[in-house]
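Okay, so here's the structure we're looking at.
Nothing in this text is a laboratory measurement; each read-out follows from the coordinates by a stated rule. Keep in mind the model is a prediction, meaning the values are calculated, not measured. Cβ coordinates were reconstructed from backbone atoms using ideal geometry, including for glycine residues, and neighbour counts include every protein chain displayed.
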Amino acid sequence: MVDISHPFKGKSCALILGIIVAASLVAVASAAERSVGTEPDDWWTAYPDQHPNAGSEVDHPQWVLEILKDRPLLILDHSTNCKACIDQEDAADAIMEECGSDIRYENLIVNVGDFRAEGLFDVYDPDGGKQYIPLTIVLTLVEDSDGNVVVGWQSAEDATGVDRLRSLVEDAIELHDENVGGWDA
């Protein structure tokens, strides 16, 4: 029998293994669960597919942009007397106990004259249709398809529950930490 093994066979295997390990490390460098896009579960940089203005640029309020210079933002826009609002406020409070030093929380009540609470539905309602409370908005900084750091956001009407909200907040914190240095506010 003739040995046809190549003298570089061991080195080739080591090289391939090294490439696989390196690719794995790059893949876990950002463990954010959501990608940037236009689907309902993506981080949006423009109005999402389900919105009547899909693909259009979002005019973020200046006070939101100021907060994003320092950290991501969780906004709960709600009333004090609806079951879903109370449930979502409880979920937000639980998340803030865990992550409060890493994200800013604005707990806004509608119909009490807070200009910020009243205007957010026009900007961040995910459907652009009827406005239901509570409206929960999470904003962070993401890299767009051109490599630019821009505002990324996700919003939902009704109670999301603590698990979905935790997932969004953890993503927002991680993405903000990764991208804040490249943002030209």
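Binning the alpha carbon pair distances of the stretch 35-182 at 10 angstrom intervals from zero yields the distribution 12, 45, 37, 6, 0, expressed in whole percent.
A Förster distance of 22 Å, applied to the separation of the beta-carbon atoms of LYS69 and PHE115, puts the FRET efficiency at 0.60. Mean separation of Cα pairs under 8 Å and 6 or more residues apart, divided by the residue count, gives the stretch 35-182 a relative contact order of 28 percent.
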